[in-house]
1. Within the range 456-473, is there a residue that is out of contact with any helix residue (DSSP H, G or I) (no Cβ under 9 Å at 6 or more places or on another chain) and either at positive phi or in contact (Cβ under 8 Å) with a residue 24 or more places away in the chain (or both)?
2. Can you pull out the residues in the range 399-446 that are more than 21 Å from H354 (Cβ to Cβ), at pLDDT 90 or above and of a type in the set (A, V, I, L, M)?
3. Can you tell me how many residues in the range 497-510 are within 17 Å of V589 (Cβ to Cβ) and modelled with pLDDT of 90 or more?
4. Kindly state which strands (runs of 3 or more DSSP E) lie completely within the range 247-365 and contain at least 1 residues that are modelled with pLDDT of 80 or more, within 27 Å of K223 (Cβ to Cβ) and of a type in the set (F, W, Y).
5. Restricting to the range 409-446, count the residues that are within 30 Å of the chain's Cα centre (by Cα) and surrounded by fewer than 24 Cβ atoms within 10 Å (Cβ to Cβ).
Amino acid sequence: MDAQKNKKRQKSFSFKLDIKHIFYAIFGILLLVSVLLSTQEFGKIAPEKSVSTLISDIKQKKIKKIEIVENKILAYYQDDSLATVNKEQGESFIRTLQESDVDPTKLDISVKNNDTMSMVIGGLLQLIPTLIIIAAFIFIFRQARGAQESVFSFGQAKSKRYNKEMSKTTFKDIAGVEEAKKELEEIVDFLKNPQRYAKLGARSPKGVLLVGPAGTGKTLLAKAVAGEANVPFFSIAGSEFMEMLVGIGAARVRDLFAVAKKNGPSIIFIDEIDAIGRARSSGVMPGHDEREQTLNQILVEMDGFERNDRVIVIAATNRGDLLDSALLRPGRFDRRVLLDYPDVEGRKAILAIHAKGKPIDDAVNWEKVAKRTVGFSGADIENMLNEAAIHTARQKKEKIGMDELEEAATKVKLGPEKKRLQSDHDREITAYHEAGHAIVTHFQPDMDPVHRISIVSRGMSLGFTLIPPSADRLHMTKSHLIKTIASMMGGRAAEELIFNEITTGAANDFDQSTSIARSMVVDFGMSDLGPINFGATTDVTQWGHGWHDNQISESMMAKIDEEMAKILHEGYTTAMKVLKKHKKELAAVATALLEKESLDEDDFRALIEKK
């Protein structure tokens, strides 16, 4: 025990010699020299007197003590004052006293030898320039060595290493992506128990590609793998392979895989792999740039001559359509895991995870919140709960309620409220515009219920009508799409019906409805042109993989435009018919909006049922 304590003490008192400590030492020496010089010259503070005056004071018994320091005499008076006297070099002050009839034995005289102090000070003054020169050389040497190391470190991968203790995220902290979790749980189990699979002749997957929209949990899943697998986990972004110098990206790939193999079994996670894994040039003279060299090196490392069962690569991207076909073939990224926006049950599970640690009101209906957040990703839901907590704190409330969650969901979807100054006429136009959307939606069969109507400005819009889907639809019918277009046309139709005038407020409605109509004609074959796809498709040629536009004649493009116009005109006509039939309800909703500015689902239904 004592030996261990002594070792710890030695470690605690260890001194690391570097340029900073050298400069501190020089500063301390200079400070010491200045103190010594000040102590040597302190006699200059006292007044100087002549030898004859000093002898006269001695005879008058005014002197208490005398100190002789080389050629300087310090005289201490009875009143504690001090005086200095300069004597000639080589002359004895004792002899001078005797010649002046003064008995030296009756005086308190002390002689101090300052030769050693002078030698020390002189030596230090000579040593200081040498120390400064040595420190300068050390500084230059270290800077040169650092520059040399930085040059040779270009080829080293800038990956971050994690282990189970460093990453606290596990699969229990993730919801809404159950299929992806099962795929990755299998990878973790293979790394923990490789013998179980080896007995059956199964080989490990070389790579797993996570593809999905932003915010669906790709990076979070990778962190969970790091938390679950008791193996080294190396994380790096695709852009970190790229450098100005040619060949550096490929060198970093080699270094990363070499380190991972030494620590195998291990996992490599490459985020945003589309930065380096995009399809290579498909022309007759393919390019040979830095990105392609890096991609080629990844292909070699993942499926080279050497058998590699000790490293699994997990990559993430939200642009899986841009990746090179050689990267996706079996033997490299064997598995392609698709992540999508969570369904109702997934959103409820995500809400439960992110609601932990937050004071939630008992009246909150999580089923209703989950249905309200259709189309939200996991990141959107986390952001919504955070915004709800912030809004609750601003309101100085103790718990997060439904009102705060509703406001947060609207803020995440449309942006924060903006207090724009509007004239009464502008507010009236906005009220009838939003009421037109709500009335057309409500009185069409098989449409989702109107959730909220408001004329409060958010983002770039002066008002909004929220109609979230009541269920997660996997298929959209032609009739439902046409009814959706009619609902979007309800705002412009209400302006024309009430004011006999049209405004610029329907620009975004036209943008969305035109996009739906184009997809119906071009992509889905929902027109009189028949089941034909007129859009851009992907094609694999002998030169590689890329996008190719189908050749469409001008006459066919004109027919496509006609079909789109027909669908849009049909939607507008339907919206006008509904509004003319329910003009009283339209006026009632618009009037209520002018009074309250916002109406929820219950308020809207109450107004409609009265009429």
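1. yes
2. I429, A431, A435, A438, I439, V440
3. Count: 3.
4. Correct list: 266-271.
5. Count: 9.
Yes or no, residue by residue, for (1) crowded, with 19+ Cβ neighbours inside 10 Å; (2) under 21 Å from P468 (Cα atoms); (3) among the polar types (S, T, N, Q):
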{"residue": "A363", "(1), (2), (3)": "no, no, no"}
{"residue": "W366", "(1), (2), (3)": "no, yes, no"}
{"residue": "N383", "(1), (2), (3)": "no, yes, yes"}
{"residue": "A388", "(1), (2), (3)": "yes, yes, no"}
{"residue": "T392", "(1), (2), (3)": "yes, no, yes"}
{"residue": "Q395", "(1), (2), (3)": "no, no, yes"}
{"residue": "E398", "(1), (2), (3)": "no, no, no"}
{"residue": "E404", "(1), (2), (3)": "yes, yes, no"}
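The values are calculated or read from the model by the stated rules, or taken from the named source; none is laboratory data. All figures in this text were calculated on a predicted structure; none of them were measured in a lab. Every residue, glycine among them, receives a Cβ derived from its backbone with ideal geometry; neighbour counts consider all protein chains shown.
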